[in-house]
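What follows is a short report on a single structure.
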Amino acid sequence: MLRRLLDDPRFVRTKDHQSALAQLTYALQEAERHEEAAELFRQLQHVVEDRHGTVHLTALFARVNLASCNGHLGDPAEAVHILDDVVRLQETASHETSVIRVSLHRRLYTWTGMAGDPHAATRLHDLAKASETALGQHAYATLACRSRAAHWAAAAGDIPHGIEELTHLLAEFERRFGHDDAEARASRKSPDHWRTHTLQNLPPTS
């Protein structure tokens, strides 16, 4: 019903249109219906930009989530391209803060890793140190950067360190932010992935 309402030209002109569009779009993303979510994130971006300008925070994060959808649909290079533009725009915005800056760069470096950047772990490790200085050791943004850095350290070959760090961070996320937190879920999945990877790549026994 909400999707039909969004397509009604009478509703498009109301003040509730942006809110309803955002609600549906994020629900589709949460359900991992990335292709549909990508289409609506583009719409949300244009609606907000038309009303508030290109550097409005809602427009920028519509682009951020569009990048994520593109990445999940198999195009991490396009995700990086979109996020590069968002980072550039954010640096000119009046609402630029340490939390936003760290969040955007964390997403950018994560997708550069997915696109094949061998330096993703180093970039995320350095970002985690910068976040700790700006926001604190136990800030959500800092812990999230450390989690991503550990994952990409494992991807670069240091699987034991990656698993150890991710296991430690999982306990930290669950204690501070709850079992169902998004970064807690990511920190839970990643060690399992690397343990399975290690087992699958053991040399054959005689």
> Of these, Thr92, Thr97, which one is among the β-branched types (Val, Ile, Thr), modelled with pLDDT under 90, open to solvent by 80 Å² or more (accessible area, probe 1.4 Å) and within 25 Å of Leu60 (Cα to Cα)?
Replying inline: Thr92
>> Which numbered condition in (1) out of contact with any Ser or Thr (no Cβ under 7 Å at 6 or more places or on another chain); (2) in contact (Cβ under 8 Å) with a residue 40 or more places away in the chain; (3) not polar (S, T, N, Q) is the only one that Glu49 fails?
In response: (2)
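Residues that are modelled with pLDDT of 90 or more, at least 1 per element: which helices (runs of 4 or more DSSP H) completely within the stretch 2-83 meet that?
Counting at least 1 such residues, we get 17-30, 34-52, 57-72.
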>> Could you tell me how many of the residues in the stretch 89-105 are under 27 Å from Asp75 (Cα atoms) and assigned to a helix (DSSP H, G or I)?
In response: 9
>> Report every pair of residues separated by at least 6 positions or lying on different chains whose Cβ atoms are under 9 Å apart, first residue within the stretch 157-182 and under 16 Å from Gln137 (Cα atoms) and hydrophobic (A, V, I, L, M, F, W, C), second in a loop (DSSP other than H, G, I, E, B) and open to solvent by 40 Å² or more (accessible area, probe 1.4 Å).
In response: Phe173/His179
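The values are calculated or read from the model by the stated rules, or taken from the named source; none is laboratory data. Note that the structure is predicted; figures quoted are calculated from it, not measured. Ideal geometry is used to build each Cβ from the backbone, glycine not excepted, and the neighbour counts take in all protein chains shown. Note: areas computed on protein heavy atoms with side chains; ligands, DNA, RNA excluded. Shrake-Rupley method; radii C 1.70, N 1.55, O 1.52, S 1.80 Å.
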